[in-house]
1. How large, in percent, is the carbon and sulfur part of the accessible surface of the chain at a probe radius of 1.4 Å?
2. Could you pull out the longest piece of the chain with no exposed loop trypsin sites (Lys or Arg not before Pro) in it, calling a site exposed if DSSP puts it outside H, G, I, E, B and it has at most 15 other Cβ atoms within 10 Å?
3. Farthest toward the dipole's positive end in the chain, which of 65, 36, 12, given Cβ charges of +1 (Lys, Arg) and -1 (Asp, Glu) about the Cα centre?
4. Just need the relative contact order of the stretch 5-73 here, percent rounded to a whole number, with Cα pairs under 8 Å and 6+ apart.
5. Cα axis of helix 63-73 to longest principal axis of the chain: angle in degrees, 0 to 90, nearest 10?
6. Run the simple label-point estimate for residue 18 and residue 67 please: 7 Å along Cα→C-beta, distance reported in nm.
7. Would you mind getting the accessible area per residue of the chain, heavy atoms of the protein chains only, 1.4 Å probe, in Å²?
8. In a Debye calculation with equal point scatterers on the alpha-carbon sites of the chain and no solvent, what is log10 I(q)/I(0) at q = 0.11, 0.14, 0.26 Å⁻¹?
Amino acid sequence: NSEDVRCKCICPPYKDHSGHIYNKNVSQKDCDCLHVVEPMPVPGPDVEAYCLRCECKYEERSSVTIKVSCVILI
């Protein structure tokens, strides 16, 4: 399922832009600031510096396992 994978980028404050968390369903190879952060909050020359500050992590989960666990628990 496309909901079972995501890339999460946590970007701290940069100059006059506040920090923000970005989530997007992308493949593991595309899990970086340039593919996930949309719209880019900084102008062209600052994109590289902004992206270097962001921490991006690829996350997977099994919704079937979660549902089965909930049914067993209930």
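1. 56
2. On the way: sites that count: 15, 61.
Longest stretch, sites excluded: 16-60.
3. Final value for the positive-end residue is 65.
4. It rounds to 39 percent for the stretch 5-73.
5. Helix 63-73 sits at roughly 50 degrees to that axis.
6. Roughly 3.7 nm, to one decimal.
7. On a per-residue basis, the chain sits at 73 Å².
8. These q points yield log10 I(q)/I(0) values of -0.36, -0.52, -1.12.
The values are calculated or read from the model by the stated rules, or taken from the named source; none is laboratory data. Treat the numbers as computed from the prediction; the structure is a model and nothing was measured. In this analysis, Cβ positions are derived from the backbone assuming ideal geometry, glycine residues included, and neighbour counts consider all displayed protein chains. Protein only, heavy atoms only, side chains kept; ligands, DNA and RNA dropped before computing areas. Shrake-Rupley method; radii C 1.70, N 1.55, O 1.52, S 1.80 Å.
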